[in-house]
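We did not get these values from a lab; they are worked out from the coordinates using the rules stated. Treat the numbers as computed from the prediction; the structure is a model and nothing was measured. Glycine gets a Cβ as well: all are built from the backbone with ideal geometry, and neighbour counts include every protein chain shown.
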Amino acid sequence: MNPSHTGVGSPEYVDAHCHVDLFRDPARVVADAAAARVHTIAVTNAPFVFSHTATLARGNAYVHAALGLHPELVATHGDQIRRFGELLPTTRFVGEVGLDHTTNDVGLRKRQRDVFESVLGQCGSVGGRHRCNRPSLSWNRHHALVYGHATRA
Ligand SMILES: [Zn+2]
């Protein structure tokens with residue numbers, strides 16, 4: 001973005017997919033993102049780690065905690081979909097969701113699909129606007145960021 005368009009001295013950037021919680025010093029990453037004015041979507045792999053990242057991001061205008069449930073974790077943490085629903089109203093961002101098809105296990109593929117459809121449905125009901133013709137990407141105004149692990153048909 002051209003600084004002359006923002007009315008301020010330096011440009012702002014976006015990091016659309018950062019695993020802040022996996023850095024050795026996540027608090028430092030959050031502070032650095034703010035100092036550098038980088039809007040950072042701090043994705044999380046499962047609902048049970050979301051609160052930690054949300055706490056790190058609280059009060060920081062540049063770091064945005066995103067709720068997720070990585071498809072690879074569906075086998076071991078698929079039951080976290082209920083916790084996902086409880087936490088969803090607390091964030092405007094969702095990431096680290098989808099289908100990865102890295103397994104040939106038909107049952108696990110179905111479970112990934114069921115979980116992902118639940119994610120899309122929950123985003124639609126919480127955000128109030130939902131558009132999804134097939135379980136791939138869903139966009140709505142308040143829970144708009146669903147990316148990172150899009151489906152392969
Ligand atoms: Zn990721």
Practice task
Return H19, H52 ranked ascending by Cβ neighbour count within 10 Å, so the fewest neighbours appear first.
Solution key: H52, H19
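Counting other beta carbons within 10 Å of each Cβ, put L22, L56 in order, fewest first. Mind showing how you got there, number by number?
Working: L22 13, L56 19.
Fewest-to-most Cβ neighbours within 10 Å comes out as L22, L56.
Kindly put Y62, Y13 in sequence by how many other C-beta atoms sit within 10 Å of each C-beta, fewest to most.
Y13, Y62
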